[in-house]
Every structure is written in C-alpha cells, then in structure tokens.
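Quick notes on the structure that follows.
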Amino acid sequence: MRNDPYDVLGVDPGTDAATIRAAYLALMHEYHPDHRPGDADAAELARRVNAAYGILGDQNRRAAHDRRRGARTARGTAAPAEPGAGVGVARPAAYSDERRTFQRSFTEATVRYALVVFVIGTVLLLSLAAQ
C-alpha cells in the first residue's frame, strides 16, 4: 500500500466526501487499536488511515493535495506524499548574498550597541549604589 491518501483509504480520486468518510469509518472500525489491542500492524494502519482522512476529509487540504498530485502526474514523477518526506531537496536561495551580508552586519551592529548600552547602564547603577 502506497502513502497516497486515496490508496490508503481505498477510494478513487473522484470519490465524493460522503464515500471517503464511509471508507474512513469502516477502516477505523476494523483497525482501531481499541478493537485490536496489542496488534502493532493494526495500530500503524489506523495511524495511516487517520492521516489520510486528515487530508481528504478537509476540502481545502484535499484540493491542495489534488493540485500537487496532478502536478506530479503531469511531470511523470512520484514525489513523496507524506509531510517532510522531501527533506534534502535543493532549493534556490531565499536571499541574495548581498542581502545576507547586510543582515549579518546589521545584526552585529545591533549587538554591539546593545552591549554598549548594557555596560553604560551597569556603570551608572553601580555608581548610584556606591553613593
């Protein structure tokens, strides 16, 4: 069984919400850990069914999943369906080198000024306490 929510629930992508809910309830009734205590495989399957219904049971999340699924099909590649499965994929830099240099120098200057203010405040407090 693959990790695609439709495969996990055993429904087709064009299935309506009521049928998806019925499939979810039937699978959870069959594999829920309360109905099968001590069965690790059933508990794992129940977790996967729950995660699949979390995606397909919400209209917005299902639409987003279908868009991603359609894009994968159009490319002809199978991208991971679970969150975090694409970790390590190279991404373009979020900021330019110039922007990162500016941020670094700004942070360093801010820390220096904060340190100066802290030292001056400490000296003033100590001089007031000595009086």
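Couplings for the range 117-122, taken from phi via the Karplus curve 6.51 cos²θ - 1.76 cosθ + 1.60 with θ = phi - 60°, read 4, 4, 5, 4, x, 5 Hz in order; Gly and Pro are left as x. Computed 3J(HN,Hα) for the range 96-108, one whole-Hz value per residue from the Karplus formula 6.51 cos²θ - 1.76 cosθ + 1.60 where θ = phi - 60°, is 6, 4, 5, 5, 5, 5, 4, 4, 5, 5, 5, 5, 4, glycine and proline marked x.
Couplings 3J(HN,Hα) for the range 34-44, derived from phi with the Karplus relation 6.51 cos²θ - 1.76 cosθ + 1.60 (θ = phi - 60°), are 5, 8, 9, x, x, 8, 5, 5, 5, 5, 5 Hz, where x marks Gly and Pro.
Read-outs: derived from the displayed coordinates by stated rules, not from any lab. All values derive from a computational prediction rather than experimental measurement.
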